[in-house]
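All of the numbers you see were taken from the coordinates with simple rules; none came from a lab. Just so it is clear, the model here is predicted, and its values are computed rather than measured. Virtual Cβ from ideal backbone geometry, glycine too; neighbours counted across all protein chains shown.
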Amino acid sequence: MEGFLATRTAREHTASGTLISSGRIPAEEFPGLNRDEALYEHERVPFPSYPYEWPAEMLHAAGILTLDLALKALDDGYGLKDASPYNVLFRGPRPVFVDVLSFERRDARDATWRAYAQFVRTFVLPLLAHRDLGWPLQQTLFGSRDGLDPEKVVDVIANLGNSSAATLPLALAEAERDGRLKPGSRVLLGAFGAGFTWGAGVIEWGGGGDDA
């Protein structure tokens, strides 16, 4: 932790208020600590809020800050090992990253960002589902701390284009064919039409046979 706090990325983001200010507590204040142990304290964020309470703009701002820190830390030899919106609080309208322990030494030859899948589940997919399908962020993030599983989101427009009224039937058929949709599954449907028409509903899938 001391190593990351000494990096240029940590110093600059701490100075700008987008990384929580953290300091090591003198060992003499806790005489029971072992020599290889340390305690840190950080400044208090006066009014904490959580991702399931945020509007889309706040989740987007938290995601941008997460990506910015992850990219800049690479130049200092550190990687961000997890990418959850719960790593971020807000000080007024500005996001501040508070989980300093999420940064760890990284092999410069390793091109994999191990937190990528978590970033997609907790930032990208909830925002896309909110924007394109009207899914409430509160429901998505409160019901599942780890966001949306890509395997549970079906979008056929990328492959088939705008198929109008056939979009939902095509999506259901694809999900069943891929094994993602089974009898008894609860399915949230969302679609937009021409102008300002839209619709959504929840169904229980009975299967694709004659008894569906």
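Key figures
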{"item": "P(r) weight above 24 Å for segment 1-142, C-alpha pairs, percent", "result": "37"}
{"item": "Relative contact order (percent, whole number), segment 2-123, Cα cutoff 8 Å, 6+ residue spacing", "result": "27"}
{"item": "Cα-centred dipole magnitude for segment 1-67, charges only on beta-carbon of K, R (+1) and D, E (-1), debye, nearest 20", "result": "200"}
{"item": "Contour minus Cα-Cα distance for E41 and R8 (0.36 nm per residue)", "result": "9.9 nm"}
{"item": "Relative contact order of the chain, defined on C-alpha pairs under 8 angstrom at six or more residues apart (%)", "result": "15"}
{"item": "Sum of -39500 (n - 2.57) over DSSP H runs of 4+, divided by residues of the chain (222 nm, nearest 500)", "result": "-9000 deg cm²/dmol"}
{"item": "Dipole magnitude of the chain about its Cα centre (Cβ charges: Lys, Arg +1; Asp, Glu -1), debye to nearest 20", "result": "300"}
{"item": "Kyte-Doolittle mean at least -0.5, axial Cα span of 27 Å or more - DSSP H helices of the chain", "result": "56-75"}
{"item": "Top positive-direction residue, dipole computed over the chain with Cβ charges, set M1, F103, A62", "result": "A62"}
